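Trainee: Dropping the structure in here first, questions after.
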Amino acid sequence: MNKQVLISPTMTISSATALALSFTNRFSLTGSAFLRRQTSPSSAMSIAGEQNYSSEAAHLDSIFKQKKALRSVVKRDLKSMDPTLRSQQDEAIQKIVLGAPWFKACKGLCAYISCSALREVDTTQILSHILGGHPEDLQMRKKLFVPRVEDRNRNMRMLNISSTEDLIANSMDILEPAPLDADGNEREDVLFANEPVDLLLLPGLAFDKAGRRLGRGGGYYDTFLSRYQELAEKRNWKQPLKIALSYSVQIVDDGTIPLTPNDILVDALVSPSGVIPISPAALEICR
């Protein structure tokens with residue numbers, strides 16, 4: 001039954017007002033408690049999560065800006081590099097790779113096809129050595145996989161080739177393998193190969209002696225490297241040695257290249273002055 005509050009003839013207006021305020025205060029306190037319950041731990045955690053996400057997004061945005069600025073500096077330095085010096089360093093780097101025990105011992109590898117327009121360290125001699133050497137001795141031949149960019153969503157495949165005739169120019173005039181061989185069969189993709197590769201020869205814009213690598217911003221190599229690492233772990237294969245080829249001007253001070261969670265470190269650098277081992281695996285092989 002609902003109770004009615006009656007104001008008796010003897011109750012003053014001020015008494016009635018006080019009673020009304022008493023009810024109002026009780027309701028107000030109850031409402032405040034209700035609101036406090038509504039913003040209890042789960043809501044607070046949600047707010048904190050949004051703040052953390054915002055903070056992480058701002059941090060990543062700062063890193064991307066730093067990388068963009070560093071790319072501009074390195075591209076400028078590469079553009080101003082003396083052509084004769086570039087040629088000398090190309091020669092020196094390839095000679096070091098071809099003479100290295102880890103290169104001679106590898107049976108399968110992924111390597112990039114250098115593009116002069118991008119001012120990448122030349123790999124022409126390395127690829128010619130692999131594709132043209134020891135045709136009569138199959139045990140001496142190395143299985144070579146080279147990159148083919150599939151789209152703008154970081155999808156890049158490494159496909160097997162056996163000749164420079166297997167290469168075609170893409171829309172950017174960069175050589176890459178045709179998806180089908182001369183017989184119309186799909187080329188072998190390293191991510192679906194039955195055997196592992198021992199070595200990955202990588203390009204980049206800048207590197208440091210801690211193994212950090214700055215690419216061109218597309219994310220193709222980091223995505224591929226992550227996928228291959230997962231494959232090797234799944235199949236219990238030894239991880240391939242990740243070797244980056246670098247002009248002297250591309251090696252920057254440690255800590256200059258900022259890292260994101262998706263960045264993959266290299267095991268070693270090959271510069272004109274020699275091999276710079278970085279990871280324990282590289283130190284073991286290159287000692």
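Trainee: Restricting to segment 208-252, what's the tally of residues that are open to solvent by 60 Å² or more (accessible area, probe 1.4 Å) and either of a type in the set (A, V, I, L, M, F, W, C) or within 9 Å of the chain's Cα centre (by Cα) (or both)?
Mentor: Result for segment 208-252: 0.
Trainee: Additional query: Only one of G274, G255 is surrounded by fewer than 17 Cβ atoms within 10 Å (Cβ to Cβ), at positive phi, at pLDDT below 95 and more than 16 Å from the chain's Cα centre (by Cα). Can you tell me which?
Mentor: Values: G274 fails: at pLDDT below 95.
The unique qualifying residue is G255.
Trainee: Here is a follow-up. Take residues that are among the small types (G, A, S) and tell me which of the strands (runs of 3 or more DSSP E) falling wholly in segment 114-233 contain 1 or more. Walk me through how you get there before you give the answer.
Mentor: Numbers: elements: 143-149, 156-161, 167-169, 175-177, 199-202.
It comes to 167-169.
Trainee: If you don't mind, there's one more thing I want to ask. Is there a residue being in contact with a strand residue (DSSP E or B) (Cβ under 7 Å, 6 or more places away or on another chain), open to solvent by less than 70 Å² (accessible area, probe 1.4 Å), more than 30 Å from V73 (Cβ to Cβ) and touching a residue at least 40 places away in the same chain (Cβ under 8 Å) anywhere in segment 167-175?
Mentor: yes
Trainee: Let me ask something else about it. Which one is nearest to A282 (Cα to Cα), of the residues in segment 77-95 that are of a type in the set (D, E, K, R) and surrounded by 11 or more Cβ atoms within 10 Å (Cβ to Cβ)? Let's see the steps before the verdict.
Mentor: At the first step, the residues of segment 77-95 found to be of a type in the set (D, E, K, R) are 77, 79, 82, 86, 90-91, 95.
This time we only want the ones that are surrounded by 11 or more Cβ atoms within 10 Å (Cβ to Cβ), so: 77, 86, 90-91, 95.
On the way: D77: 28, R86: 26, D90: 22, E91: 23, K95: 19 Å.
Ranking the candidates gives K95 first.
Trainee: Could you please let me know if V249 is in a strand (DSSP E or B) and of a type in the set (V, I, T)?
Mentor: Working: in a strand (DSSP E or B): no; of a type in the set (V, I, T): yes.
When the stated conditions are applied, V249 does not pass them.
Trainee: Could you check segment 258-271 and list, in sequence order, the residues that are part of a loop (DSSP other than H, G, I, E, B) and open to solvent by less than 10 Å² (accessible area, probe 1.4 Å)?
Mentor: Restricting attention to segment 258-271, the residues satisfying the condition of being part of a loop (DSSP other than H, G, I, E, B) are 258-267.
Correct list: V266 only.
Trainee: Of the conditions (1) open to solvent by 30 Å² or more (accessible area, probe 1.4 Å); (2) within 21 Å of E150 (Cα to Cα); (3) of a type outside the set (G, A, S); (4) in contact (Cβ under 8 Å) with a residue 12 or more places away in the chain, E186 clears all except one; give me its number.
Mentor: All conditions are met except number (4).
Trainee: Pairs please, first residue from segment 69-84 and farther than 12 Å from Q250 by Cα, second anywhere and open to solvent by 60 Å² or more (accessible area, probe 1.4 Å) and of a type in the set (A, V, I, L, M, F, W, C), Cβ atoms under 8 Å, 6+ apart in sequence or on different chains.
Mentor: Listed by first residue and then by second, the contacts come to nothing, as the list is empty.
Trainee: Sticking with this one: From the residues in segment 277-287 that are open to solvent by 30 Å² or more (accessible area, probe 1.4 Å) and of a type outside the set (A, V, I, L, M, F, W, C), which one is nearest to K79 (Cα to Cα)?
Mentor: P277
Trainee: Report yes if D181 is surrounded by 15 or more Cβ atoms within 10 Å (Cβ to Cβ) and either more than 30 Å from Y247 (Cβ to Cβ) or over 22 Å from the mean Cα position of the chain (by Cα) (or both), otherwise no. Can you show your working first?
Mentor: Working: surrounded by 15 or more Cβ atoms within 10 Å (Cβ to Cβ): yes; either more than 30 Å from Y247 (Cβ to Cβ) or over 22 Å from the mean Cα position of the chain (by Cα) (or both): yes.
Yes: the conditions hold for D181.
Trainee: Then there is this: Which count do you get for residues in segment 113-133 that are among the β-branched types (V, I, T) and open to solvent by 30 Å² or more (accessible area, probe 1.4 Å)?
Mentor: First pass over segment 113-133, keeping only residues among the β-branched types (V, I, T): 113, 121, 123-124, 126, 130.
Adding the requirement that they be open to solvent by 30 Å² or more (accessible area, probe 1.4 Å) leaves 124.
Within segment 113-133, residues that are among the β-branched types (V, I, T) and open to solvent by 30 Å² or more (accessible area, probe 1.4 Å) number 1.
Trainee: Could you please give the count of residues in segment 96-112 that are open to solvent by 50 Å² or more (accessible area, probe 1.4 Å) and either touching a helix residue (DSSP H, G or I) at 6+ places or on another chain (Cβ under 6 Å) or assigned to a helix (DSSP H, G or I) (or both)?
Mentor: Qualifying residue count, segment 96-112: 3.
The values are calculated or read from the model by the stated rules, or taken from the named source; none is laboratory data. Not measured: the values here are computed from a predicted model. Every residue, glycine among them, receives a Cβ derived from its backbone with ideal geometry; neighbour counts consider all protein chains shown. Keep in mind that these areas ignore ligands, DNA and RNA; they rest on the heavy atoms of the full protein, side chains included. Shrake-Rupley method; radii C 1.70, N 1.55, O 1.52, S 1.80 Å.
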